[in-house]
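*Asks:* I have a structure I would like to understand better, so I am pasting it below and will then ask my questions one at a time.
The values are calculated or read from the model by the stated rules, or taken from the named source; none is laboratory data. Just so we're clear, the structure is a prediction, and the values are computed from it rather than from any experiment. Positions of Cβ are generated from backbone atoms using ideal geometry, with glycine treated the same way; all protein chains shown enter the neighbour counts.
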Amino acid sequence: MTELYDLVIHGGTVATASEVFKADIGIRGGRIVALATDLPRQGEEIDATGKLVLPGGVDAHCHFDQPTSDGSRMADDFSTGPLSAAFGGTTTVIPFACQMKGQSLREAVRDYHERANGKSVIDYAFHLIVTDPTEQVLGQELPALIRDGYTSFKIYTTYDDLKLNDRQILEVLALARREGALTMVHAENSDVIAWLTDALERAGNTGPRYHATARPAIAEREATHRAISFAEVVDAPVLVVHVSGGEAQQQIAAARQRGLRVFAETCPQYLFLTAADLDLDGFEGAKHICSPPPRDTASQESVWRGLQDGTFQVFSSDHAPFRYDDPQGKKVAGEKASFAHVPNGIPGVETRLPLLFSEGVLKGRISLRRFVELTSTNPARLYGLMPRKGTIAVGADADITIWDPGRQVTITNAMLHHNVDYTPYEGHQVTGWPEIVLSRGEVVIRGGECVGEAGRGAFLECGTPDTLQ
Ligand code: URP
Ligand code: ZN
Ligand code: ZN
């Protein structure tokens, strides 16, 4: 007799963005083919009694092996980054193919595929980063790339090597509208930051903690307001990434109240770190330099409210991995260097889900359904990966994470699988941890071991982003 299923997950509590229910899951050919109680016992079996069975996480903002222009090097490539993601319950990652100014966007994508090929243990898609929207890029390369499945791109309002001017932002938004793509914006006012940085450096205030002073919430608020205004002029959707707190949140919430298609993402660093974490002894604060910077406890509370009230649709890691004790990492310009020369970014691809599960779901701040929505369903929907990814439903890829909701873990860097020499969350205690992770029906993580083959992860072409409110 032909078996109906290759694998059945028995007895677990399944959660999607809309429901929590007891069901068995039948999997065949890498897809979910049945969801019912008491499926026949055949094929491989996983007993999930007492466990939570959730769609694998979709981390829609992470940086792996992204070229840099300051001599630094990202610590995670397409082997260690996705591996670390998988251990943390994530089954799809979306890093960025970044165009260097002067470079063809096609070339940047080709190069990034070479970096990724044959390494990832889980599936991955690419966002683009557009830094040089020439006529060639806007007229030919970008429309063709969108048709080829690169349907979202990030633009910057800060960093000299990445930022666009206002006119360029409008051009990119208009193109996204014409071609049905989604623009993601890093929103911080570049001139405010440059002016404050100059003043701080002239006064000799160059330690890591001044990074937070140089990038105040007002700079983020202004650029957020501008990005939203431009999106309104063009009538295009926009997604503001890594929002750090109330100032920018108010702009987003007000725009959404007016019915604009404005979306927003936040990240663990804005819930679990503050600017005080940049004020450690010596150069240690550099470990927590990221942009926008973590702010204060009131901002943390505001971000929690935004996760609860729907201001945020997406919760990503913004994993940007630089080793601390490394001349190609945080110390690329030396330990005495100004904060302005420290590579921006912190690791978090493995800890994203456990932190939010423990502090959000188990502490009653958000429901389990909302957790799934923020960390899996919404990113899949917004970046054109639905219905394949982001849910547990018949026909979807069997990307599934089985959680032990009671397991108590003290996070240490030694237990993580990234290639970074620290975690910002060292010593943080969480309850609940991903125990078994399946990617397209194959177990890739079990019993604290990776049992999936490196390079088995597939590149995913993204469809049209679903930005209907
Ligand atoms: O500091 C950060 N966030 N680094 C990563 C790059 C980016 O802007 O997302
Ligand atoms: Zn950014
Ligand atoms: Zn980022």
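*Asks:* If residue 108 meets every condition in (1) free of Cβ contacts under 8 Å to residues at least 24 places away in the same chain; (2) within 16 Å of ligand 2 (Cβ to nearest atom) apart from one, which number is that one?
*Replies:* Just one mismatch for residue 108, condition (2).
*Asks:* For residue 425, only one of the following conditions fails: (1) surrounded by fewer than 23 Cβ atoms within 10 Å (Cβ to Cβ); (2) hydroxyl-bearing (Ser, Thr, Tyr); (3) modelled with pLDDT of 95 or more. What is its number?
*Replies:* Failed condition: (1).
*Asks:* Check off (1) more than 17 Å from residue 75 (Cβ to Cβ); (2) surrounded by fewer than 18 Cβ atoms within 10 Å (Cβ to Cβ); (3) under 20 Å from the mean Cα position of the chain (by Cα) for residue 413 and give me the number that stays unchecked.
*Replies:* Unmet for residue 413, out of (1) more than 17 Å from residue 75 (Cβ to Cβ); (2) surrounded by fewer than 18 Cβ atoms within 10 Å (Cβ to Cβ); (3) under 20 Å from the mean Cα position of the chain (by Cα): (1).
*Asks:* Can you pull out the residues in the stretch 91-114 that are of a type in the set (Ser, Thr, Tyr) and assigned to a helix (DSSP H, G or I)? Give the derivation first.
*Replies:* Of all residues in the stretch 91-114, those of a type in the set (Ser, Thr, Tyr) come to 91-92, 104, 112.
Hit for the stretch 91-114 is 112, nothing else.
*Asks:* Give just the number: which of (1) within 16 Å of ligand 3 (Cβ to nearest atom); (2) not in a helix (DSSP H, G or I) does residue 270 not satisfy?
*Replies:* The single condition residue 270 does not satisfy is (2).
*Asks:* Which one is farthest from residue 118 (Cα to Cα), of the residues in the stretch 431-452 that are crowded, with 20+ Cβ neighbours inside 10 Å and of a type in the set (Val, Ile, Thr)?
*Replies:* By that ranking, first place goes to 436.
*Asks:* Right, another one. Can you tell me which residue in the stretch 188-244 is surrounded by the fewest Cβ atoms within 10 Å (Cβ to Cβ), limited to those that are over 29 Å from residue 281 (Cβ atoms), in contact with a Lys or Arg (Cβ under 6 Å, 6 or more places away or on another chain) and not polar (S, T, N, Q)?
*Replies:* Top of the filtered list is 234.
*Asks:* I need a count of the residues in the stretch 2-27 that are in a strand (DSSP E or B), surrounded by fewer than 18 Cβ atoms within 10 Å (Cβ to Cβ) and among the charged types (D, E, K, R).
*Replies:* So the count comes out to 1.
*Asks:* So residue 305 ticks every box in (1) assigned to a helix (DSSP H, G or I); (2) closer than 23 Å to residue 60 by Cα; (3) within 16 Å of ligand 2 (Cβ to nearest atom); (4) not β-branched (Val, Ile, Thr) but one. Which box is left unticked?
*Replies:* With (1) assigned to a helix (DSSP H, G or I); (2) closer than 23 Å to residue 60 by Cα; (3) within 16 Å of ligand 2 (Cβ to nearest atom); (4) not β-branched (Val, Ile, Thr) applied to residue 305, the lone miss is (3).
*Asks:* Something else about it: So, in the stretch 254-274, how many residues would count as being more than 19 Å from the chain's Cα centre (by Cα), closer than 15 Å to residue 302 by Cα and either crowded, with 19+ Cβ neighbours inside 10 Å or modelled with pLDDT under 95 (or both)? Give the steps one after another, and end with the answer.
*Replies:* Of the stretch 254-274, the ones more than 19 Å from the chain's Cα centre (by Cα) are 254-261, 274.
Filter once more, so that each one left must be closer than 15 Å to residue 302 by Cα: 254, 274.
Still in the list and also either crowded, with 19+ Cβ neighbours inside 10 Å or modelled with pLDDT under 95 (or both): 274.
Summing the residues that are more than 19 Å from the chain's Cα centre (by Cα), closer than 15 Å to residue 302 by Cα and either crowded, with 19+ Cβ neighbours inside 10 Å or modelled with pLDDT under 95 (or both) in the stretch 254-274 gives 1.
*Asks:* For the stretch 142-182, which positions are of a type in the set (Gly, Ala, Ser) and either part of a strand (DSSP E or B) or within 16 Å of ligand 3 (Cβ to nearest atom) (or both)? Please lay out each step first, then the result.
*Replies:* Keep residues of the stretch 142-182 that are of a type in the set (Gly, Ala, Ser), which gives 144, 149, 152, 174, 176, 180-181.
Residue satisfying the conditions is 152 alone.
*Asks:* Is it true that residue 138 is surrounded by fewer than 21 Cβ atoms within 10 Å (Cβ to Cβ), closer than 20 Å to residue 184 by Cα and more than 16 Å from ligand 2 (Cβ to nearest atom)?
*Replies:* For residue 138, the condition - surrounded by fewer than 21 Cβ atoms within 10 Å (Cβ to Cβ), closer than 20 Å to residue 184 by Cα and more than 16 Å from ligand 2 (Cβ to nearest atom) - is met.
*Asks:* Are there any pairs with C-beta distances below 9 angstrom linking a residue in the stretch 280-298 that is under 15 Å from residue 337 (Cα atoms) to a residue that is among the acidic types (Asp, Glu), with the two at least 6 apart or on different chains, and if so which?
*Replies:* Partner pairs satisfying both residue conditions: 282/335; 283/335; 285/277; 285/279; 286/335; 287/277.
*Asks:* Considering only residues of the stretch 356-376 that are part of a helix (DSSP H, G or I) and of a type in the set (Lys, Arg), which is farthest from residue 270 (Cα to Cα)?
*Replies:* Within the stretch 356-376, the first condition is being part of a helix (DSSP H, G or I), and the residues that meet it are 356-361, 368-376.
Now narrow it down to the ones that are of a type in the set (Lys, Arg): 369-370.
Details: 369: 21, 370: 18 Å.
Per the criteria, the residue is 369.
*Asks:* Quick one: would you say residue 38 is of a type in the set (Asp, Glu) and within 16 Å of ligand 1 (Cβ to nearest atom)? Lay out the reasoning, then the answer.
*Replies:* Numbers: of a type in the set (Asp, Glu): yes; within 16 Å of ligand 1 (Cβ to nearest atom): no.
Against the criterion (of a type in the set (Asp, Glu) and within 16 Å of ligand 1 (Cβ to nearest atom)), residue 38 does not qualify.
*Asks:* Still on this structure, please answer the following. Out of (1) in contact with a Leu (Cβ under 6 Å, 6 or more places away or on another chain); (2) without any contact (Cβ under 8 Å) to a residue 12 or more places away in the chain, what's the single condition that is false for residue 99?
*Replies:* The one condition residue 99 does not meet is (2).
*Asks:* Here is a follow-up. Quick test for you: out of 321, 327, 293, pick the one residue that is over 28 Å from residue 256 (Cβ atoms) and either assigned to a helix (DSSP H, G or I) or within 16 Å of ligand 1 (Cβ to nearest atom) (or both).
*Replies:* Details: 327 fails: either assigned to a helix (DSSP H, G or I) or within 16 Å of ligand 1 (Cβ to nearest atom) (or both); 293 fails: over 28 Å from residue 256 (Cβ atoms).
Matching residue, one of 321, 327, 293: 321.
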